[in-house]
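Here the structure comes first, spelled out in C-alpha cells, and everything after it is commentary.
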Amino acid sequence: MEAVLEQSIPEAPAEATEVVVQPSSALQIDPSLIDPTLSVAPPLTDVPSTSPSVQHPQDAAQEPVAPVEAPAANGDEIVIDDDEGAAQASTKATEASTQPLESSVPAVSLQTPAPAAAAAELIGGPPLPEGLTSASPSVASNPDIIQDWQRLDPSNPQVLLALFDWSIQRSEIIDARGWYAAIAKENPTASQPLLALINLESSLTNFSQVEVLFGQALKGPSGGITASADVNIWKAYLHYIRRQNPLGLGTPEEESKRRVITEAYEFALKQCGVDREAGDIWGEYIAFVADAKPKNTWDTQTQQDSLRKIYQRAICIPLNNVEVLWKGYDAFESSVNKQTSKKFLAERSPAYMTARTALRELRSLTDVLPHPIIPPTPTFSDSDRQLVNSWKAYLKWEEGNPLVIADPETLAGRIGYAMRRCLAEMRHFPELWHYAGNHYIKEQKTNEAAEVLNAGVVACPKSILLTFATAEIEEDRKLFSEAHALFTNLLDQLAHDMDALNDRIAQEVIAAKGPEIPRPATDGMDIDGEGPMAVYNRVMDEREERGRLVSERRGKEADELRNAMGVVWVMYMRYARRAEGIKGARAIFAKARKSPHVTWHIYEASALMEYHVNKDSGVAIRIFELGFKLFSDDVDYVIKYLQFLLNVNDDTNARALFERSTLKIPADKAKPLWEAWAKYEYMYGDLGAVQKLESRFSETFPGDSPLKRFAQRYTYNGMDQIARRDLGFGSPRPQPAAAPQAPFLPPPVQNMPPPTMAIAPPPAQTISHPLPPRSHSPSRNGNGDFGGNKRYRPNSPPPPRRFDPGPIAPPAKGRGYLPPPGGDRPPVHMGPGPGPGYGGAPPRHASGNGIPPPPGGYGGPGPMPPRDGWDRSGVSKGVAWFVGQLPTARSFDVGPVFRPDDIMGLFSNIGPDGLRLPGGGPGPAGSGYGPPMGGGNGYAEREYRSYLYRVESG
C-alpha cells in the first residue's frame, strides 16, 4: 500500500499546480455538520465529481491562468492557476448548506468573539489542542463551550465536533486542524470530519496536508486492519490523484499519468471494490479506460480486453448499480462482436444472477445499520444490543459465502473488508473486536488475529475482554514482553479511573454534608431544656449521616472497580507463572501488594498458586497471614483462609483462626464464618464439641431455630431428609382426589343443556375468558319477528334415525381404528345381542335402573386407559385443549344452536395430529372398515372406537 501511495501521490509542487476544480457532492461538508445558528461561511470548492458523466479535467476548456488568490470573501468565485498562465479554471462556489445538525451533535449557541482579555481567562483546565491558543478564533469566539469542554469532559466528541464545524464553516484552517486532531485521538475512523477537512485543505491548495490526511486514512491508525472502509474516502483519493495528474493536455507525460491513475483505481478497487456502494468507482474506472484513444489495432485489442476484464469483475459483485453495469457489459460485447457476445454473456450470466440475488439480501442486512458521524460508545441498552446483533448478522452472512466464491483469497478479502467496515463504525465495542479476532483464529490466521486484537486494545484501552484475549494470543506467539505491556497498561487505566472515582466520591460526600458548623462557645439551656451543645451534636450527627449514606451508595461502584483490578492482577500472576514460572508470579505479586487498590483476592490467588505448584502449605499459610493483617475484618477472606486450613488438615490453626476472627468481626456479619466452622465440626468433631458449639451459636444468634440447627447437623451434601420427610419442606403436596369421571356420557337428549366435560389442561398457560352478562334468548313478538336487530337463525337439523348397521368384525392386528361404513352405531352398553348383529332395542340391565355397566362389565378391567394422543373424552388431546379454550354458551346472545353430540362427532373424526382421519385410509375389501360417513355420528362413533380399542387390547 505504501508503494502505491508513493507512486500515485506525487509530492506537492512548490508552485501552484495547473488543475481544474469543478463542483462535486462527494467531498462537500456533510450537512449534518453545519449548525443552523452559524452564518454562511465562504464556500469550499471541490475535486471532480464521482459521476462518470461529469466533465473530467482533461476535457475542460484551456484558458490563460490568473495568479493564485485567496477565496473571495463574498463566496462568489475561486480561481486557481500557475505562474506560466497556461490554463485557468474558475468555478461557481456552491452555497454552504444550513441544515441542522444531526441528533448526535448538540445544538450549541455560538457567540460573537470575546475580547482577548476575556479569552485568556478561559484557560485553566486541560490544555487546548496542539496549535490552538486562547487567541485562536474558535476559542475566543466560544468561551462558554470552551469552559464546558474543559470543566466536564475534554474528550466529549460532540463538543469537539461543534467547535470543528465552526472552524470549517469559517475556513479557519489552523483551528480546524487542531480540533480534528482532538477528534481523531479517540475516533480516527470518523470519515465525515476527515472529508470536511480534506475539502478545506484542497480548496486552499494545501496539497501536502491533503497527502498526510490520505496517508493516515488509507493506511489506518493501527495498521491495515483499520484502513479506511468508507467508499467516500477512496473516491476522494481517486479524485485527488486525477487532479494531480490531469490528462488531455498533450504533454509527453500523459502516458505515465494514465498509468498512475490506472494503478490508483486498481489499488482502490482492491481495498473497497466489494462494497455495494463502490459501483460509482467501477463506473468511473470503466469510463476512464474507454476514454483512452487507441493508436493502432494492438491498442484497440488491449483496450477491449481491459474493459472486458473490468466488466467481468464488476458484474459478479452485489453492487447497487450491478444491473446498469450488466447492461453496459451487454452493450459492450454486442458492439465488439455479436457472434461472440452471446457466449461471453452466457458464461457470466450465472454469476450476475447470483450477485443480483445477493444484493437483495445484502440490502436487508445493511440498510438497518446506521452511519453516525462519530462512532458511538456502548451504553449496554437494548438499542445497542440490537445494533451489535445486526452487525453480527451481516458478518455471518459474509462468512457464509453467499456469492459462492471459489477463490479463498478473494473470499478472505471480502470478509476482511466487512470486518474493517464494522470495526470502523463500531470502534468502541469490544465485543465486535473479539468477534473479528475469533474469526481469524478459526481460520488459523494468528498474525491477522493478533493485529485485530491489538488494534482493538488501542480503540478500547480499558477493555478487560480484549486485553485478556490479546495477551493470550501474544503468549501463544511467545511475545512475552508485549503481553506484559498489555496487563500493565490495563492496570494503569483502571488505577486512573479508580483515583478519579474516589475524588468524585469525596466531593459528593463533602457536598452532602454541607458547610462546616461552628462549635458553640458556651453551653446553656433553652426553654425546651436542650442546650446548644446538644443541638450542635444532633446536627453534626445528621451531617455525618448524610455523608455516610452517600459514601455507602457510591462505595459499591468503587468496590466493583477495585474487584476488577484484583481480577486483572490475578490473571497477570497466572500469565507470569505460565510464561516465566513461579518466580515470575512472585514478582507480579510483589507489585500487586504495593498497589493502593489491592484486594484480598490477590493474596488468596498467590497462596493457592504456591501450594499447588510447590506443594508447600507453609508458604501458602504465610501469604494468607500477610493478607489477614489487612483483611482480618473481611468475612469472605477469613472463610477462604479457614477453608484452606481445613483442606490441608491443619485443624489447630483453623480453630485458632476461627477464635481470633469471632472477636474482631461483628456477629451480624460473622454468621457465614460460624456456619462454615459448624459444618466442619458436624462432620469431623465429637459430640461434646458439637454441643458446645451449638451452645455458643445459640448465644451469639438467639434468633436461630434449634430445630433448624439440629437438622443442619444431620444434613449431608445438601440432602436434608429431616426437612423433607419430617417437616414437609421440598416434598410435593398431595393433591385432592378428583371426582371419578363416567367412562361414557349418556345418549343426548334434545333440548337439554350441554353437558360439562372435563378437558385435559393445555401444555401452556390457559387464557381465561371473562363471561359477559347472561342474556336470554329473544322471543318472537306478535309479528313473528325476534325483538331487537338480530336475525333468527334455525337450529341444527334433528339427528337421523338410528338403524342396525350389521355385524362388527374385530379389527385386524395393526390396523387403525376406523368406524364401519354407514350411519350411527349403537352404544357399547347395548351388548352384542343374540345373533350375529345387535338386537333391535337395548336390553334392560341386571340392575334394573337402565344405567349401563362400566367397560368390561362389573368386576371387569375398569375404565379404558387413554391412548397416546387421545383424551379420555374420546377426542384428541389437541381438540380437547381447543374445546377447553372456548367460552361458554352464555357468552353468545343468539345464533344457531348445535347439539354437543354433533360437535363431538365432528371432532371425533380428527386425528391426534389434526391433519388426517384416525386410523389412516380405508381397510381392505370385505373387512367392513372404511371412512366415517358424514352427518350425525354423535357419541356412537366415539363409543364404537372405544369398543374397538378394548377388543384389541383384550
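The values are calculated or read from the model by the stated rules, or taken from the named source; none is laboratory data. Bear in mind that the values here come from a model prediction, so they are computed numbers and not experimental data. Methodologically, a virtual Cβ is constructed for each residue, glycine included, from the backbone with ideal geometry; neighbour enumeration extends over all protein chains shown. Note: areas computed on protein heavy atoms with side chains; ligands, DNA, RNA excluded. Shrake-Rupley method; radii C 1.70, N 1.55, O 1.52, S 1.80 Å.
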Near pairs, Cβ below 7 angstrom, 6+ apart or cross-chain, from the stretch 708-724 (over 18 Å from A676 (Cβ atoms)) to any residue that is at pLDDT 85 or above and open to solvent by 70 Å² or more (accessible area, probe 1.4 Å): I722/Y714
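Give the residues of the stretch 169-197 that are of a type in the set (S, T, Y) and either in contact (Cβ under 8 Å) with a residue 40 or more places away in the chain or at positive phi (or both), sorted by residue number. Give the derivation first.
In the first step, residues of the stretch 169-197 are kept if they are of a type in the set (S, T, Y); the result is 171, 180, 189, 191.
Correct list: S171, T189, S191.
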Any chance L630 is in a helix (DSSP H, G or I) and either surrounded by 15 or more Cβ atoms within 10 Å (Cβ to Cβ) or in contact with a His (Cβ under 9 Å, 6 or more places away or on another chain) (or both): no
Members of the stretch 685-707 found to be in a helix (DSSP H, G or I) and in contact (Cβ under 8 Å) with a residue 24 or more places away in the chain, listed by number: T700
E474 in contact with a helix residue (DSSP H, G or I) (Cβ under 9 Å, 6 or more places away or on another chain) and buried (at least 17 other Cβ atoms within 10 Å of the Cβ): yes
Where G178 falls short, out of the listed (1) part of a helix (DSSP H, G or I); (2) within 23 Å of T377 (Cα to Cα); (3) under 33 Å from the mean Cα position of the chain (by Cα): (3)
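Taking the stated definitions as given, is R586 of a type outside the set (S, T, N, Q) and farther than 28 Å from A607 by Cα? Step through it out loud before you land on a result.
Values: of a type outside the set (S, T, N, Q): yes; farther than 28 Å from A607 by Cα: no.
Here the answer is no, as R586 does not meet what is asked.
Which one is farthest from the chain's Cα centre (by Cα), of the residues in the stretch 666-724 that are of a type in the set (G, A, S) and closer than 16 Å to R655 by Cβ? Steps first, answer last, please.
We begin by selecting, within the stretch 666-724, every residue of a type in the set (G, A, S); these are 667, 670, 676, 678, 685, 688-689, 695, 698, 703, 705, 711, 718, 723.
Within this subset, residues satisfying the condition of being closer than 16 Å to R655 by Cβ are 670, 676, 678, 685, 688-689.
Numbers: A670: 42, A676: 41, A678: 46, G685: 53, G688: 59, A689: 56 Å.
Among residues in the stretch 666-724 that are of a type in the set (G, A, S) and closer than 16 Å to R655 by Cβ, the one farthest from the chain's Cα centre (by Cα) is G688.
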The stretch 437-465 - residue that is surrounded by 24 or more Cβ atoms within 10 Å (Cβ to Cβ) and in contact (Cβ under 8 Å) with a residue 60 or more places away in the chain and, of those, nearest to T189 (Cα to Cα): A459
Test: residue in the stretch 478-496 that is part of a helix (DSSP H, G or I), without any contact (Cβ under 8 Å) to a residue 12 or more places away in the chain and of a type in the set (S, T, N, Q): yes
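For the stretch 683-711, enumerate the residues that are in contact with a Phe, Trp or Tyr (Cβ under 8 Å, 6 or more places away or on another chain) and either more than 19 Å from V635 (Cβ to Cβ) or among the hydroxyl-bearing types (S, T, Y) (or both).
Here is the first cut: in the stretch 683-711, the residues in contact with a Phe, Trp or Tyr (Cβ under 8 Å, 6 or more places away or on another chain) are 690, 693, 697, 700-701, 704, 709.
Hits for the stretch 683-711 are V690, T700, R709.
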Residue within the stretch 489-502 that is farther than 26 Å from P375 by Cβ and open to solvent by 30 Å² or more (accessible area, probe 1.4 Å) present: yes
Cross-chain or 6+ apart pairs with Cβ under 6 Å, the stretch 663-684 first and farther than 15 Å from L646 by Cβ, then part of a loop (DSSP other than H, G, I, E, B): K664/S632; K664/D633; I665/D633
Test set (1) over 15 Å from R420 (Cα atoms); (2) touching a Lys or Arg at 6+ places or on another chain (Cβ under 7 Å) - I225 fails condition number: (1)
Residue check, D650 open to solvent by 70 Å² or more (accessible area, probe 1.4 Å) and farther than 25 Å from G584 by Cβ: no
Lone qualifier among A459, A469 - being hydrophobic (A, V, I, L, M, F, W, C) and modelled with pLDDT under 95: A459
